[in-house]
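Only the coordinates and a few stated rules stand behind these numbers; no lab work does. Values in this document were obtained by computation on a predicted structure and should not be read as measured data. Backbone-built Cβ (ideal geometry, glycine too); neighbour counts: all protein chains shown.
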Amino acid sequence: MIKEERKSVLHGILLIVLFSFSAFYIADFEFIKKLSLSPLIVGIILGMIYANSLRSNLPQTWVPGIKFCSKQILRLGVILYGFRLTFQQVMEIGLPAIVVDLIIVCGTLALGVLLGKLFKIDSQTALMTSTGSAICGAAAVLGAEPVVNCEPHKTAVAVSTVVIFGTIAMFLYPVMYRSGLLDSMTDKQVAVYLGSTVHEVAHVVGAGNAIDAAGGSVADAATITKMIRVMLLAPVLLVMGLVLGRGKGNGEGGKRKITVPWFAFLFLAVICVNSLLQSCSFIPQAGLAKVTGAINNFDTFLLTMAMTALGAETSFDKFKQAGAKPFLLAGLLFLWLTVGGFFITKLIV
């Protein structure tokens, strides 16, 4: 009996693996590359298409395998994400960029929670949407999912807002640069502004390269600023776990159970290891780059599996239940990032 259950779980995992390979294949199409849609985003779209078409034909015994991908595989993917980051990157860009990132992240989260209450959006959807806007898009939403412990469709809604407004930002910022709206900024200020306010890493890279093609030199510094913002994911998850844990009783005399996202500590530990490896002069850098590149590719596949699994648990009926309010919230946060981020960057950098 146990052997049969394991076999069914494996079938669910293999289904997600198959969809994830398809996501990588589709993400390599030229027009998908131009939109800067990563395999993660393609994966959740494929999962949602499946959930709303063929899901009824799926044996229920396969569902635990899908949930395994959206939980355990997700945590592993977030931990390994640390191999993309080093503390040397923080030192390279300087203190002003760090301060801007801190203000943007804290301000976006606070504003998102406040607006969520104002619009009477359920707290989980508001928090997930705000986290995606504040830190690093889909990866931040995935990182927050185990801490918030929300339903898959709420995660999918939050990711959808990231895709929409992150894509708008990717095209908007180069237009603003070319039209002269950012002429009052130095290239470093433009880079910090871009890295601290655009949603996804891929969107930052896309917008930065477009600005460089127009005569700027901001792509590298913008990406580093963005990576510092990604590093803030760990402390945000820790604080989030403590705050949300205070609101959960365990039914014994009103005691509170604090939820600690231990994978966030492992995420930080991996950043430390990667920083140490990058600073060791006796390690051949070419070989190290190949190893970390392979780990990052594997990690992208794991995160794609998690996104696909979340999509497979999301029906369009759930989107209808969520309504337009989460997208209105994301739109107002996008306005804050675009306008507020401009003046904050000008003031500090």
Note to self: Within 13 Å, Cβ to Cβ, of Gln278, how many net charges do the neighbouring residues add up to if Lys/Arg are +1 and Asp/Glu are -1?
What the structure shows: 0
Next item on the list: Per residue, how big is the convex hull around the C-alpha atoms of region 83-149? Give it to me in cubic angstrom, could you?
Entry: 83
Notebook entry, point to check: How many nm is it between the label spots at Thr292 and Ala214, if each spot is 7 Å from the Cα in line with the beta carbon?
Noted result: 3.1
Next item on the list: Would you list, by chain and number, the aspartates and glutamates whose Cα falls below 14 Å from the Cα of Lys154, excluding same-chain residues fewer than 8 positions away?
Entry: Asp122, Glu145, Glu313, Asp317
Next item on the list: Just list whichever of Lys34/Lys290; Lys188/Lys320; Lys117/Lys188 have alpha carbons separated by over 32 Å in the model shown.
Entry: Lys188/Lys320; Lys117/Lys188
Note to self: Rounding to the nearest 10 and keeping the result within 0 to 90°, find how far the Cα-based axis of helix 219-231 lies from the longest principal axis of the chain.
What the structure shows: 50
Note to self: Using Cβ contacts closer than 10 Å as the measure, can you line up Met91, Met307, Met227, Met48 from fewest to most?
What the structure shows: Met91, Met227, Met48, Met307
Note to self: Using only Cα atoms and rounding to the nearest 10 degrees, what angle (0 to 90) does helix 285-312 make with the longest principal axis of the chain?
What the structure shows: 50
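Per 0.36 nm of contour for each residue apart, how much would the distance between Asn52 and Ala269 grow if the chain were fully extended, relative to their Cα-Cα spacing?
Separation in residues times 0.36 nm, less the Cα-Cα distance, equals 74.2 nm.
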Item checked: Whole-number Å³ per residue for the convex hull built on Cα positions in the chain -> 163
Next item on the list: Could you tell me the distance between the Cα centroids of region 211-241 and region 6-29, to the nearest Å?
Entry: 30
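Among rounded, prolate and oblate, which fits region 303-349 when a ≥ b ≥ c are the square roots of the eigenvalues of its C-alpha gyration tensor, a/c under 1.5 means rounded, and a/b larger than b/c means prolate?
Oblate.
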Next item on the list: Among the chymotrypsin sites (Phe, Trp or Tyr not before Pro) in region 1-106, which ones are in a DSSP loop with at most 14 other Cβ atoms within 10 Å of the Cβ? Mind listing them?
Entry: Phe29
Check: Among Ile49, Ile103, Ile228, what is the fewest-to-most ranking by other Cβ atoms within 10 Å?
Finding: Ile49, Ile103, Ile228
Notebook entry, point to check: Tell me, His203, His153 in order of fewest to most beta-carbon neighbours within 10 Å?
Noted result: His153, His203
Checklist line | Extension reserve of the Leu276-Lys33 stretch, reckoned as 0.36 nm per residue once the Cα distance is removed | finding: 84.2 nm
Item checked: Most mobile listed residue (Leu95, Leu233, Leu310) in the chain, GNM with C-alpha springs under 10 Å -> Leu95
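Scan the chain and hand back the longest stretch that contains none of the trypsin sites (Lys or Arg not before Pro) lying in DSSP loops with at most 10 other Cβ atoms within 10 Å. Display every interim value, and only then the final one.
Numbers: sites that count: Lys120, Lys255.
Between the exposed loop sites, the longest stretch runs 121-254.
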